[in-house]
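The values are calculated or read from the model by the stated rules, or taken from the named source; none is laboratory data. Keep in mind the model is a prediction, meaning the values are calculated, not measured. Counting neighbours? That spans all protein chains shown, and the Cβs are built from the backbone with ideal geometry, glycine included. Please note that ligands, DNA and RNA were not included when accessible areas were found on the heavy atoms of the full protein model with its side chains. Shrake-Rupley method; radii C 1.70, N 1.55, O 1.52, S 1.80 Å.
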Amino acid sequence: MNLKALTQSVILNNGVSMPIFGLGVWKTKSGKECTDAVLAALEAGYRHIDTAKIYGNEEDVGKAIRESGIPRNEIFVTTKLWNADQGKGKSRKALEGSLKSLGMDYVDLYLVHFPVASKRSDSWRELEKAYHDKLSRSIGVSNYTIRHLNELLRDAQITPAVNQVEFHPFLNQKDLLETCKKNKIQLEAYSPLAHGQKTNDPQIAAIAKKYGKTPAQILIRWSIEQNIVVIPKSVKKERILENSQVFDFKISPEDMGILSELDENFRTCWDPTDVD
Ligand SMILES: NC(=O)c1ccc[n+]([C@@H]2O[C@H](COP(=O)([O-])OP(=O)(O)OC[C@H]3O[C@@H](n4cnc5c(N)ncnc54)[C@H](OP(=O)(O)O)[C@@H]3O)[C@@H](O)[C@H]2O)c1
């Protein structure tokens, strides 16, 4: 276990420390599959778990964390506000519901899952209040484009700490990354393995071979090299371990350049570009 490396962190705009690497649990089945995956990750040294109400496994995440015996304050937990819970009078209740499911008093990061038109501004105001009431140590957004961020920044009292978006060499959102950096918003990469659809790409395979690493490890390291938080998902113990072994090598600037040219606007998840 390489705990020191796995807790390499970024500091968010409110001073909260967030491990740069974590486990995602979307599509991880509720019950044993989820508790086993989270326990395997914690045993491998992960200290950051990314869930959401809509994943239907918050209870399992909370249960596994308690079973691990690791103090709650040593683990960074993110969950998200689902679309149906957005808007005035609903968002805070949704967070309280998630905390109940997780069996926790607070989360480390609460994200607006998607920029739902006509509701997202009200949702953000409720998240700001929930933050002041210490229900979440930080608040942020997900799937926000530059336009959605600019709109939010115009009337927000609190700048989002994080924007969690799909990000990998095949969807290299350079302008979005620049906008986030300029506004001190931490970019977080979801689907960093392009949902497993790019681990056989020949150029990734060639670079992986050069470093004696796997394609998945190259894809994950590509984010870490750019100080981007990254949360690959797996339910397989050996892959959970493999995905974490990304702190014992560096990708050269030349190879980072090659990887950064692979962009083909390839999305595996939803596209928020046209959301009003
Ligand atoms: N905010 C959002 O809207 C949003 C959207 C999507 C994802 N996310 C978050 O980001 C996390 C990660 O994204 P993701 O789950 O979409 O996809 P991902 O991490 O890019 O890929 C997961 C897929 O890759 C496979 N895989 C894992 N490790 C592998 C390895 N070493 N070699 C080959 N294949 C491997 C997994 O299969 P096995 O499980 O069978 O190993 C699974 O099918 C999610 O779990 C979720 O927490 C957030």
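A few points about this structure:
- The one condition from (1) open to solvent by 40 Å² or more (accessible area, probe 1.4 Å); (2) modelled with pLDDT of 95 or more that Met1 does not meet is (2).
- Per the listing Ile240, Ile224, the residue uniquely over 19 Å from Tyr144 (Cα atoms), modelled with pLDDT of 95 or more and touching a helix residue (DSSP H, G or I) at 6+ places or on another chain (Cβ under 7 Å) is Ile240.
- The single residue among Val116, Val77 that is open to solvent by less than 10 Å² (accessible area, probe 1.4 Å) and either within 16 Å of the ligand (Cβ to nearest atom) or in a strand (DSSP E or B) (or both) turns out to be Val77.
For every residue, the table says whether it meets (1) more than 16 Å from Ser191 (Cα to Cα); (2) of a type outside the set (Ser, Thr, Tyr); (3) at pLDDT 95 or above.
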{"site": "Val230", "(1), (2), (3)": "no, yes, yes"}
{"site": "Ser234", "(1), (2), (3)": "no, no, yes"}
{"site": "Gln245", "(1), (2), (3)": "yes, yes, yes"}
{"site": "Phe249", "(1), (2), (3)": "yes, yes, yes"}
{"site": "Glu254", "(1), (2), (3)": "yes, yes, yes"}
{"site": "Ile258", "(1), (2), (3)": "yes, yes, yes"}
{"site": "Asp263", "(1), (2), (3)": "no, yes, yes"}
{"site": "Val275", "(1), (2), (3)": "yes, yes, no"}
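- Here the condition is being in contact with a Pro (Cβ under 8 Å, 6 or more places away or on another chain) and under 21 Å from Thr79 (Cα atoms); of Ile185, Ile228, it holds for Ile185 alone.
- Of the criteria (1) in contact (Cβ under 8 Å) with a residue 24 or more places away in the chain; (2) open to solvent by 10 Å² or more (accessible area, probe 1.4 Å), which one Ala52 fails: (2)
- Leading residue by the ranking (nearest to the ligand (Cβ to nearest atom)) among those in region 224-246 that are part of a helix (DSSP H, G or I) and buried (at least 22 other Cβ atoms within 10 Å of the Cβ): Asn243
- Residue check, Leu187 within 18 Å of the chain's Cα centre (by Cα), within 21 Å of Leu111 (Cβ to Cβ) and free of Cβ contacts under 8 Å to residues at least 40 places away in the same chain: no
- Close Cβ contacts (under 6 Å, 6 or more residues apart or on different chains) running from residues in region 128-147 that are touching a residue at least 12 places away in the same chain (Cβ under 8 Å) and under 18 Å from Val16 (Cβ atoms) to residues that are within 14 Å of the ligand (Cβ to nearest atom) and of a type in the set (Phe, Trp, Tyr) comprise Ser136/Tyr110; Ile139/Tyr110.
- Qualifying residue in region 37-58 (condition: within 20 Å of Lys129 (Cβ to Cβ), within 19 Å of the chain's Cα centre (by Cα), among the basic types (Lys, Arg) and not in a strand (DSSP E or B)): yes
- Candidates in region 83-113 are the residues that are under 29 Å from Leu6 (Cβ atoms) and part of a loop (DSSP other than H, G, I, E, B); of these, the one that is most open to solvent (accessible area, probe 1.4 Å) is Asp105.
- Any hit, region 205-212, residues being crowded, with 21+ Cβ neighbours inside 10 Å, more than 23 Å from Cys180 (Cα to Cα) and within 14 Å of the ligand (Cβ to nearest atom): no
- Of note, Lys198 satisfies the criterion of being outside any strand (DSSP E or B), touching a residue at least 24 places away in the same chain (Cβ under 8 Å) and open to solvent by 10 Å² or more (accessible area, probe 1.4 Å).
- Verdict on Ile220 being part of a helix (DSSP H, G or I), in contact (Cβ under 8 Å) with a residue 60 or more places away in the chain and within 13 Å of the ligand (Cβ to nearest atom): yes
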